[in-house]
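What follows is calculated from the coordinates using simple rules that are stated; it is not laboratory data. Fair warning: this is a prediction, and the values are worked out from it, not measured in the lab. Please note: Cβ atoms are built from the backbone with ideal geometry, for glycine as well, and neighbour counts cover all protein chains shown.
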Amino acid sequence: SRMLTVAAAQLGPIQKAEGRDVAVGRMVRLMERAHRRGVEVVVFPELALTTFFPRHYHADIAEADGWFEPALPSNETAPLFEAARKYGIAFHLGYAEIAEEADETGTVRRRRFNTAVFVSPEGEVMLKYRKVHLPGHAEYDPTRTVQHLEKRYFEVGNLGFPVVRAPVGQAGEVNAGMLICNDRRWPEAWRVLGLQQVELVMLGYNTPSLNMEARGFEAHHLRVFHSHLSIQAGCYQNACFAVATAKAGTEDGCELFGHSIIVNPQGEIMAQATSWDDELITADCNLDMCALGRSTIFNFAAHRRPEAYGRIVGQ
Ligand code: CDT
């Protein structure tokens, strides 16, 4: 069987005043722990290097550039790449990306994305993804006590939902794909990965415990339920594993709910974080399990009916 040992490396809160050196130091310690447990792939959260900065308003977007990475590795993130090399571990990292890149009109300009990369133990980027579903709003909202300004700071990802056959671990290879936070709630995103025979979906998230838009219609306990429901359904309906890693705890007075999980193709939770702090959860994934769903109830070639789904893509 094709076994792959994976970990969700949940991070506790990172405060606004804390530098990347603090976050990276904690991440290196999680890598050391992963090594002791025989882990081959470590998944860190969305925007893992800083506090969840879209809660902070900057009138001039360029003022927010300090939250972004112009290059990876940088001096501050190099220890992470060194740890990966030392221990032979591949890792997934979410970060805010600045790229000097041509837009749809061909104009090269400064562009900002909510990005994740899957990096080999040798430090090579095997896969890059830019978040497609950006929640929140673009302008300061005085009706909210906490802002969620992803639509201000990031452009919609322009790389689609890529899947790569990555050479990792004893399994030899794994079909790997990524989602970022809010993407996990959209079945279309999972299905685009499923159509590429994804076996492992890596995703990081920062989800506030309090839904600012709930207006009394959503009980607090449903926040974690909806997150898990989305991930478990995504795995079952696309016959894949997922490692879903949270940033958790109270950042600058705002609570993020944690509850990182690893899920199998039956939709079962194999491991779950129980703290709201730095915590490593692991699971041994038999990638051959993906074949069952894919060859029976979710055999897409045999049973899927795209001719009836035109409305999904506006046809
Ligand atoms: N980071 C992120 O995408 N969080 C969202 C919260 C949305 S509240 C405006 C999520 O879907 O978990």
Next item on the list: Among Val198, Val146, Val39, determine the one that fluctuates most according to a GNM of the chain built with springs between C-alpha atoms less than 10 Å apart.
Entry: Val146
Notebook entry, point to check: Given 0.36 nm per residue, what is the gain on full extension from Arg304 to Asp277 after removing their alpha carbon distance, in nm?
Noted result: 5.6 nm
Item checked: Rounded to 5, the percent of DSSP beta bridges in the stretch 3-313 classed as antiparallel -> 70 percent
Checklist line | Cα-only radius of gyration and Dmax that characterise the stretch 47-94, units Å | finding: 13.6, 43
Next item on the list: Counting other Cβ atoms within 10 Å, keep those with at most 12, restrict to DSSP loop, and tell me which GluC sites (Glu not before Pro) in the stretch 81-118 are left.
Entry: Glu104
Item checked: Estimated FRET transfer efficiency (Met212, Thr107; beta-carbon r; R0 35 Å; 0.05) -> 0.50
Next item on the list: Report the label-to-label distance for Glu76 and Ile98 in nanometres (one decimal), using points 7 Å from each Cα along the Cα→Cβ vector.
Entry: 1.1 nm
Note to self: At R0 = 30 Å, how high is the FRET efficiency between Arg29 and Ile269 if r is their beta carbon distance? Nearest 0.05 is fine.
What the structure shows: 0.75
Note to self: Please report the spacing between the Cα centers of the stretch 256-313 and the stretch 191-222 in Å, no decimals.
What the structure shows: 13 Å
Notebook entry, point to check: To the nearest 0.05, how large is the calculated FRET efficiency for Thr145 and Ala17 if R₀ is 25 Å and r is the Cβ-Cβ distance?
Noted result: 0.75
Next item on the list: Choose one answer from Ala301, Ala64, Ala99: the residue with the largest mean-square fluctuation in a GNM of the chain with alpha-carbon springs under 10 Å.
Entry: Ala301
Next item on the list: Mind checking which lysines have their Cα closer than 27 Å to the Cα of Lys16? Skip sequence neighbours fewer than 8 apart in that chain.
Entry: Lys128, Lys131, Lys151, Lys247
Item checked: Among Leu280, Leu80, Leu159: highest mean-square fluctuation, GNM of the chain, C-alpha pairs under 10 Å -> Leu159
Checklist line | Order of Cys181, Cys254 under a 10 Å beta carbon neighbour criterion, fewest first | finding: Cys254, Cys181
Check: Going through the stretch 31-82, which trypsin sites (Lys or Arg not before Pro) have at most 12 other Cβ atoms within 10 Å and a DSSP loop state?
Finding: Arg37
Check: Per the Cauchy relation, a quarter of the hull surface: what is the mean projected area of the convex hull of the alpha carbons in the chain, in nm²?
Finding: 16.8 nm²
Check: Over its Cα atoms, what ratio of radius of gyration to 2.2 N^0.38 Å does the stretch 230-315 give?
Finding: 1.42
Note to self: Could you check the spin-label model distance between Ser295 and Leu159? Points 7 Å from the Cα along Cα→Cβ, value in nm.
What the structure shows: 3.2 nm
